[in-house]
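The values are calculated or read from the model by the stated rules, or taken from the named source; none is laboratory data. These figures come from a predicted structure and were not determined experimentally. We place every Cβ from the backbone using ideal geometry, glycine too, and count neighbours over all the protein chains shown.
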Amino acid sequence: MGSKVNWTSLDYPGLLPEGWDRAALLSLTRLLSPVYLGEQSAMLGANRAITVFSAENEMSYVVYLATFMNDEARHLEALTRLYEGAGLEPASIRELPDMLRYHHRMRGSGNIISWVTGILVSDIFARHFYRLLSQVYEETPLGEMSTKVIVDEGRHQAFAVHYLTAALPHLDEDEHRFLWDVKEDLLAIVGRLGVALDEDARRLGIDGKELFEGFAEDVDRHCRKVGLTSRCRLCPANGASTPEWSELTGKGCACDLLAAESGDVAADGGTAGTPSPVREGNTASPAGPPSDLRTRGDAS
């Protein structure tokens with residue numbers, strides 16, 4: 001737990017690399033902006049999750065999430081000090097509206113299992129992002145702090161894997177597909193943010209394409225590990241060979257087409273039919289039997 005890996009931003013004074021001009025500082029603060037908002041979003045979600053798990057007497061989750069919030073708070077404090085040291089502000093929502101879209105997609109459905117799916121995606125991205133920072137700025141306070149953040153995010157990722165592995169078998173097909181769509185939407189939003197911030201990344205010696213490709217591959221690997229798939233037998237994400245589907249249509253994945261042909265896709269892109277408990281704000285607690293899945297609280 002986080003209590004065994006104590007550190008604060010005070011342990012890493014002078015996070016800004018020496019000798020940087022204003023253009024480089026601006027690029028760094030812009031590149032960190034989605035991460036900065038993500039730390040705040042994670043704290044808010046964990047705070048709500050604690051109240052839900054407390055009401056259900058799931059105290060092991062409550063204790064863990066308390067350390068989770070402590071981790072996110074020190075990340076936020078460290079980045080705040082970096083912004084103050086640079087004399088700059090994070091990029092605004094007006095500049096990078098996809099930051100808000102990510103936050104909304106992660107928490108907008110108002111349930112814990114959807115939030116944990118977002119946490120899995122976010123923590124995988126954070127580990128890849130901070131790993132690059134630790135390599136590019138090795139032996140600097142920023143690089144050294146990044147290695148500490150990687151350890152924190154690894155614990156958060158392990159929690160998400162544990163929770164989803166236990167919860168996903170209890171979901172029906174519509175609920176499962178909804179979580180798959182959440183994951184796909186978050187990947188798409190990160191991809192758009194990467195395009196918007198590509199110039200800033202290149203100015204700092206970071207290969208944005210390499211970062212995104214490694215992140216997306218890792219997300220798919222962990223989704224297979226926890227059992228989150230599109231449930232499409234032709235989907236490459238489920239292990240199907242790409243030529244099998246390409247020979248049929250010349251396109252990427254059959255999932256959306258097959259759903260459309262069966263009438264399972266609504267006009268808004270969601271799954272048609274009976275409202276899903278996952279979409280309607282109920283959570284799936286891995287501690288309870290399948291009959292309890294539709295009675296859990298939300299994480300809005």
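Applying a threshold of 7 Å to beta carbon distances and a minimum spacing of six or more residues, or different chains, the list of pairs starting in region 199-221 at a residue that is touching a residue at least 60 places away in the same chain (Cβ under 8 Å) and at positive phi and ending at one that is surrounded by 17 or more Cβ atoms within 10 Å (Cβ to Cβ) and aliphatic (A, V, I, L, M) is empty. Could you tell me whether Gly38 is touching a Ser or Thr at 6+ places or on another chain (Cβ under 7 Å) and at pLDDT 90 or above? It is true that Gly38 is touching a Ser or Thr at 6+ places or on another chain (Cβ under 7 Å) and at pLDDT 90 or above.
Which of the residues spanning region 74-92 are surrounded by fewer than 21 Cβ atoms within 10 Å (Cβ to Cβ) and over 17 Å from the mean Cα position of the chain (by Cα)?
Within region 74-92, the first condition is being surrounded by fewer than 21 Cβ atoms within 10 Å (Cβ to Cβ), and the residues that meet it are 76-77, 80-81, 83-90, 92.
Within region 74-92, Glu77, Thr80, Arg81, Tyr83, Glu84, Gly85, Ala86, Gly87, Leu88, Glu89, Pro90, Ser92 qualify.
Close Cβ contacts (under 8 Å, 6 or more residues apart or on different chains) running from residues in region 44-71 that are closer than 16 Å to Tyr163 by Cα to residues that are among the acidic types (Asp, Glu) and at pLDDT below 95 comprise Ala46/Glu72; Val52/Asp298. I'd like the full set of residues that are in contact with a Lys or Arg (Cβ under 9 Å, 6 or more places away or on another chain), free of Cβ contacts under 8 Å to residues at least 24 places away in the same chain and buried (at least 20 other Cβ atoms within 10 Å of the Cβ), limited to region 132-157. Of everything in region 132-157, just one residue is in contact with a Lys or Arg (Cβ under 9 Å, 6 or more places away or on another chain), free of Cβ contacts under 8 Å to residues at least 24 places away in the same chain and buried (at least 20 other Cβ atoms within 10 Å of the Cβ), namely Ser146.
Quick check on this structure: which one of Ser9, Ser54 is polar (S, T, N, Q), more than 21 Å from Gln157 (Cα to Cα), modelled with pLDDT under 80 and touching a helix residue (DSSP H, G or I) at 6+ places or on another chain (Cβ under 6 Å)?
Exactly one residue qualifies, and that residue is Ser9.
Those residues that are of a type in the set (A, V, I, L, M) and either within 17 Å of Ser122 (Cα to Cα) or crowded, with 22+ Cβ neighbours inside 10 Å (or both), I need them from region 35-51; list them, please. Of everything in region 35-51, those that are of a type in the set (A, V, I, L, M) and either within 17 Å of Ser122 (Cα to Cα) or crowded, with 22+ Cβ neighbours inside 10 Å (or both) turn out to be Val35, Leu37, Ala42, Met43, Leu44, Ala46, Ala49.
Residues Met69, Met99: which one is more than 17 Å from Ser146 (Cβ to Cβ), buried (at least 17 other Cβ atoms within 10 Å of the Cβ) and touching a Ser or Thr at 6+ places or on another chain (Cβ under 9 Å)?
Values: Met69 fails: touching a Ser or Thr at 6+ places or on another chain (Cβ under 9 Å).
From the options Met69, Met99, the qualifying one is Met99.
Does Leu120 satisfy the criteria of being surrounded by fewer than 20 Cβ atoms within 10 Å (Cβ to Cβ), at pLDDT 90 or above, among the hydrophobic types (A, V, I, L, M, F, W, C) and closer than 30 Å to Asp174 by Cβ? No.
From the list Leu26, Leu16, which one is over 18 Å from Val116 (Cβ atoms) and outside any helix (DSSP H, G or I)?
Just one listed residue meets the conditions, Leu16.
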